[in-house]
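**Student:** Below is the structure I would like to discuss, written out as structure tokens.
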Amino acid sequence: IRETIFTAFKERDLLPTKSGTHRKADSLFRCPADISSVIDDDDLSVLTNYETPLWAANAPQRGQREDKFLDSLDIDEWGWEELAEVFPYCWSDDERKTRITIWICQKPDSWLMRFYALLEKCCEYPGPWAIKNAWEDLAAIRVLDNKGAEKHVIPSEAFFAKQDTRSGKATEPPQGVRFVKPEVYSKGKLSESTKKAARAFLSSIGVCEYDERASIERRLKQYSAGGKLIVDETYLRDLRKFIAYWKRNPQDGANLFSDYAVLVSADNFGLCTGY
């Protein structure tokens with residue numbers, strides 16, 4: 001009788017799904033509740049390219065009869081390891097990268113905060129480098145430009161707004177600098193633990209606070225080693241800032257400027273080259 005029941009659940013649409021329908025056990029996935037509470041059937045379809053529904057309904061309690069019965073059906077697991085593996089494939093699969101980027105960018109702010117927090121928890125499991133490295137080139141960080149319009153950029157192009165110590169308000173972004181939208185990591189009705197985890201994930205993939213160091217790093221990108229330099233007011237203004245920062249932070253400054261051509265050498269023809 002037991003074997004007949006197992007066979008029926010595997011071959012007929014009898015198993016309840018999270019969406020309220022019934023499907024064959026062999027066509028569904030099980031996962032930790034933390035994952036399925038953020039990633040629904042349609043989301044999982046985007047990530048796996050399988051048709052919905054995909055989530056089997058979880059038993060009311062772990063370890064009870066219902067849960068043991070589901071275990072006996074050998075339903076495929078889709079958990080932390082599978083979630084972590086989604087993003088590294090974007091390195092070599094442009095179609096997947098585009099599909100996932102569009103999927104993330106269309107989500108509302110509160111969902112995106114929960115998703116960032118979920119990925120932070122996922123990084124606690126083996127292989128966190130896989131997620132973090134993959135996100136370096138994923139334009140899925142929601143930011144606001146100087147006019148308040150939403151955009152999505154890679155982590156190195158996004159910054160956290162620095163709080164003004166006097167007013168307590170966030171500083172305005174300089175021209176061309178994009179601050180992460182507060183609603184995806186610090187504002188809203190979600191718990192403080194969710195906000196903290198969302199910010200921690202963004203920090204781990206390269207988003208940093210826009211302070212003096214970040215401002216200088218941004219300017220240094222204009223000075224590639226061996227490039228031609230124009231000694232004008234802009235260059236002299238940058239150089240004064242670089243020197244002032246180095247004087248205040250001699251140890252950090254030595255490392256910060258070592259890979260950039262900020263000093264000028266003139267050749268026999270008077271052409272200025274950066275070193």
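**Student:** Could you tell me the distance between the Cα centroids of region 1-26 and region 87-141, to the nearest Å?
**Tutor:** Measuring centre to centre over Cα atoms gives 32 Å.
**Student:** Which residue, chosen from Ala198, Tyr185, Ile216, occupies the Cα position most advanced towards the positive end of the dipole of the chain, where the dipole is computed from +1 (Lys, Arg) and -1 (Asp, Glu) charges on Cβ about the Cα centre?
**Tutor:** About the Cα centre, the residue reaching furthest to the positive side is Ile216.
**Student:** Here's another thing I want to ask about it. (1) 2.22; (2) 1.17; (3) 1.35: which one is Cα Rg over 2.2 N^0.38 Å as calculated from this entry?
**Tutor:** Answer by label: (3).
**Student:** What whole number of Å gives the distance from the Cα centroid of region 178-198 to the Cα centroid of region 27-75?
**Tutor:** 27
**Student:** Also: Going by average Cβ neighbours within 10 Å, how do the peptides 151-159, 93-101 rank, with the highest at the top?
**Tutor:** Highest to lowest by the protection proxy: 151-159, 93-101.
**Student:** If each Cα of region 97-147 is one equal point scatterer, what is log10 of I(q)/I(0) from the Debye formula at q = 0.13, 0.27 Å⁻¹?
**Tutor:** -0.35, -1.19
**Student:** Still on this model: Straight-line reach from Lys10: which lysines have a Cα under 30 Å away, not including same-chain ones fewer than 8 places off?
**Tutor:** Lys18, Lys24, Lys68
**Student:** I've got another one for you. Label-point separation (nm) for Ser224 and Phe6, each offset 7 Å from Cα along Cα-to-Cβ?
**Tutor:** 6.2
**Student:** Also: So if I take the alpha carbon set of region 198-252, get Rg, then get Rh from the Kirkwood formula, what is the Rg over Rh ratio?
**Tutor:** Across region 198-252, the Cα-based Rg/Rh ratio is 1.07.
**Student:** Suppose accessible area is computed on protein heavy atoms with a 1.4 Å probe; arrange Trp103, Trp246 from highest to lowest.
**Tutor:** Trp246, Trp103
The values are calculated or read from the model by the stated rules, or taken from the named source; none is laboratory data. Treat the numbers as computed from the prediction; the structure is a model and nothing was measured. Heads up, the Cβs are rebuilt from the backbone with ideal geometry, glycines too, and the neighbour counts pull from every protein chain shown. Accessible surface is based on the protein model in full, side chains and every heavy atom, while ligands, DNA and RNA are left aside. Shrake-Rupley method; radii C 1.70, N 1.55, O 1.52, S 1.80 Å.
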